[in-house]
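Please treat every number below as a calculation from the coordinates, not as lab data. None of these values were measured; they are calculated from a predicted model. Positions of Cβ are generated from backbone atoms using ideal geometry, with glycine treated the same way; all protein chains shown enter the neighbour counts.
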Amino acid sequence: MVEKKNEVLEAATFRRLLDHLSKRVDVQNLDLMNLAGFCRNCLSRWYTEEAQKIGLKMDKENAQELVYGMPYKTWKEKYQTKKSEKEIAQVMKMNDEPNSN
């Protein structure tokens, strides 16, 4: 019973995080990576990996749509700002290992 309640709470918390991120389109993925070591793309990858672990078919695009609240391409066109290759490389290098957990 306790395990089921924990699962319900975790799912609700995850939905709340996704809702929060969908409202904070001003926060770029690179900002999240820089500050927290993960981004929306990490969340969608983790979602896909966890689905596969329990035998569910989940492709990258479906997971991204769940995390972004819209197709990734649409989100990118509407909200993603341009960053230099140097900025991207610095943040990614700093987060090489932590974001793969």
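Some points to look at:
- Counting lysine pairs in the range 2-100 that sit 8 or more residues apart in sequence, or on different chains, and whose Cα atoms lie under 24 Å apart gives 24.
- Rounded FRET efficiency, nearest 0.05, which uses the C-beta distance separating LYS53 from GLU77 and R0 of 30 Å: 0.40
- Proxy reagent accessibility, fewest Cβ within 10 Å first, across VAL8, VAL25, VAL67, VAL91: VAL8, VAL25, VAL91, VAL67
- Adding -39500 (n - 2.57) for every DSSP H run of four residues or longer, then dividing by how many residues the chain holds, sets the calculated 222 nm ellipticity at -21500 deg cm²/dmol.
- Debye equation applied to the C-alpha atoms of the range 24-67, log10 I(q)/I(0) at 0.14, 0.22 Å⁻¹: -0.35, -0.71
- Binned Cα-Cα distances of the range 2-100, short to long, each 5 Å bin given as a whole percent: 2, 12, 18, 23, 22, 13, 6, 2, 1, 0
- The magnitude of the dipole of the chain, with charges of +1 and -1 set on the Cβ of Lys/Arg and Asp/Glu and taken from the Cα centre, is near 260 debye.
- Whole-Å distance, taken between Cα centres, linking the range 1-35 and the range 46-61: 17 Å
- When the range 2-101 is described by a simple charge dipole with +1 on each Lys and Arg Cβ and -1 on each Asp and Glu Cβ, the residue from MET70, THR48, GLN90 located farthest towards its positive end is MET70.
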